[in-house]
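Notes to accompany the following structure.
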Amino acid sequence: MDPSFRVVLYVLFLAMFYSVTDAGFFSAVARLEKLVQEEREIVAAVKQHIQNGGKVSADMKRYVDSFDDNNTVPEPDYIAHHPVRAYFLIKRLSKITLSETKKLTGKEVQLPTVEDLHMTALALIVLQDVYSLDMRSLVQGQLVMVSQSTNGAEPQITEICGKDPTFTLDPSDTYYIGEVACKENKFYQAVLWFNLTLEIMREKEKSLLKIGDEQTDRPGPRMRDVLLKLADTVQKIKWDRDVFMAVSKLGAKKTNAEGLSHLSNLLENAISSLSKPIRTEIPHINYENLCRLGVLKNRAPHPTLTCRYVRPNPYFYLSPAKMELLHERSPLVALYHDVITDKEVNKMKDIALRRMGRSPVVADDGGEMFSRTRVSETGWIFDTEHPMIAKLSRRVGYITGLDVNLPYGEAFQVLNYGLGGFYEPHVDYFRDEQPVLLTNGQRIATFLFYLSDVKAGGATVFTRLNLTVPAVKNSAVVFHDLKKSLAFEQDSEHAGCPVLMGSKWIANKWIHTHGNEFRWPCGLTPEE
């Protein structure tokens, strides 16, 4: 194939990613950081309008009145980087109308949608599930990871952050999250959230009885509704005849305290016999354990790691590269420290922010699709767009010893992960059924820059190697996608763990076989 034609095809392939616009506030924490500031401006404009004698809708008035002074902290990170606080941010702003907001502020604004709220609730479900978060603590805005021991010892408790009384989930929130879990067919997680809703409601009922208060007209779900929803969800996991009969006897009666109490007892017994479904596919055997390990130790788990200064190219003679060897045998996995500067990081972020869109995954036919298995936004940057980017690309070539120039190396893919953002186990090479993507040959290596630290979670894990690589700002992880023989390196399978707290920025460059035939020669053994 003519090289110039190959370049054209490659540019067209990347253009698909530039055209992605299906993005929301849930898909990039960077958007939430901006939304925090915009919310302050909206509230200030509405309050000024009211003080001047103007009128607003009841929903807008409730929104402004409920806006807490604690939401005006100067750092957007305080809200945007915490999943529960971000949930309340999305919930608040999804209650007001776009037309009224534009009229009162006098400028174009973008507000969260129903999908944003749904996906934010889904993020809480995923985070609680993957990191075994204590649900009673999560309700109070506290992130506490509970690691169960396999030898019968006491579970290990890891507190990520303390309680925040200004961000507390009430029964209507936990019930809504349970409904989202049902819609996503996560029935076991839905049972946990519905059951938690009942526990909170019972506690509130007891406290109200003590002070003699009535609760008949209080907003939120009713005990009967929650019990029936819980019963329906339990039945979807494991059919129980006694539960079915108890629900049938309730019928259409609105008040049946004895029947509800009987159903509650049956559900308690049914739930105690349920266990979390375990995904037994090879990619998921170690995925969650490795992600939790990344939070506990915040470092790669192998005690035999070696660190050394290396000079893979004359460029590094005066200032050697700091290499931490994570996996020496096939596939090679190495972490290079301090290979990108803060100035270069900021430049990549600035360029990428202007063109970011929802990150797709590659479909079996080679096309693109959006998937719940990947929650992030992507912006592509070509080496020729800025001298600083070109310099970074050359540095990748110096370290790997490969030709990274277009079309042999792809453009930089800059990503910012969303709420609970993750990417489930996958490989970077193209499978046999995706020949349309092989214009420039297979991907032989992945070079991934970490552009930010992450407060908790967000590690890169190699599920087949039992390896966890934490997100360390200004470092880069390098690994091979193919063997020397160009056979698939199946052990290069990796995943991006959910971001528990913080904002995760990365930039990667994939390097292809074409143009690197003599830089990536085969070995002397049949395996190579």
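The values are calculated or read from the model by the stated rules, or taken from the named source; none is laboratory data. Because the structure is predicted, anything quoted here is derived from the model rather than measured. Please note: Cβ atoms are built from the backbone with ideal geometry, for glycine as well, and neighbour counts cover all protein chains shown.
Of the residues VAL84, VAL11, the single one that is β-branched (Val, Ile, Thr) and at pLDDT below 90 is VAL11.
Looking at VAL499, VAL461, VAL469, just one residue is in contact with a Cys (Cβ under 8 Å, 6 or more places away or on another chain), at negative phi and buried (at least 21 other Cβ atoms within 10 Å of the Cβ), and that residue is VAL461. Have a look at ARG62, ARG136 and point out the one that is modelled with pLDDT of 90 or more, assigned to a helix (DSSP H, G or I) and surrounded by fewer than 18 Cβ atoms within 10 Å (Cβ to Cβ). The match here is ARG136. Only residues that are in contact with a helix residue (DSSP H, G or I) (Cβ under 8 Å, 6 or more places away or on another chain) and modelled with pLDDT under 50 were counted in the range 14-51, giving 0.
Residues are listed down the side, and each one gets a yes or a no for (1) farther than 21 Å from GLY421 by Cα; (2) modelled with pLDDT under 95; (3) surrounded by 12 or more Cβ atoms within 10 Å (Cβ to Cβ):
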residue: LEU318; (1), (2), (3): yes, yes, no
residue: THR341; (1), (2), (3): yes, no, yes
residue: GLY367; (1), (2), (3): yes, yes, yes
residue: ALA390; (1), (2), (3): yes, no, yes
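Taken together, the residues in the range 502-528 that are surrounded by fewer than 19 Cβ atoms within 10 Å (Cβ to Cβ) and of a type in the set (A, V, I, L, M) amount to 1. Filtering the range 162-197 to residues that are surrounded by fewer than 19 Cβ atoms within 10 Å (Cβ to Cβ) and either under 22 Å from ALA456 (Cβ atoms) or of a type in the set (D, E, K, R) (or both) leaves GLY162, LYS163, ASP164, PRO165, THR166, THR168, ASP170, GLU179, LYS183, GLU184.
Quick check, is ASN474 among the polar types (S, T, N, Q) and farther than 19 Å from LEU290 by Cβ? The answer is yes for ASN474. Of all residues being among the aromatic types (Phe, Trp, Tyr) and touching a helix residue (DSSP H, G or I) at 6+ places or on another chain (Cβ under 6 Å) in the range 386-434, which is farthest from LEU500 (Cα to Cα)? Just the residue, please. Once the filter is applied, the top-ranked residue is TYR398. For first residues located in the range 466-486 and farther than 13 Å from HIS327 by Cα and in contact (Cβ under 8 Å) with a residue 12 or more places away in the chain, partners that are among the aromatic types (Phe, Trp, Tyr) and in a loop (DSSP other than H, G, I, E, B) and lie 6+ apart or on another chain with Cβ distances below 6 Å form the pairs ASP481/TYR429.
Close contacts from the range 320-331, counting a first residue that is over 12 Å from CYS307 (Cβ atoms) and a second that is assigned to a loop (DSSP other than H, G, I, E, B), with Cβ to Cβ under 7 Å and a gap of 6+ residues or different chains, come to HIS327/LEU465; SER330/LYS483; SER330/GLU489; PRO331/GLU489. Strands (runs of 3 or more DSSP E) fully within the range 421-528 that include at least 2 residues being assigned by TED's automatic domain parsing to the domain that holds VAL396 and under 16 Å from the mean Cα position of the chain (by Cα): 423-426, 460-462, 494-496, 499-501, 505-512. Selection within the range 298-316: residues that are among the hydrophobic types (A, V, I, L, M, F, W, C) and over 17 Å from VAL396 (Cβ atoms). The member of this set that is modelled with the highest pLDDT is CYS307. With respect to the stated conditions, THR378 is in contact with a Phe, Trp or Tyr (Cβ under 8 Å, 6 or more places away or on another chain), within 30 Å of ALA181 (Cα to Cα) and modelled with pLDDT of 90 or more. Taking the criterion of being assigned to a helix (DSSP H, G or I), among the basic types (Lys, Arg) and within 18 Å of PHE26 (Cβ to Cβ), the residues of the range 71-128 that qualify are ARG85, LYS91, ARG92.
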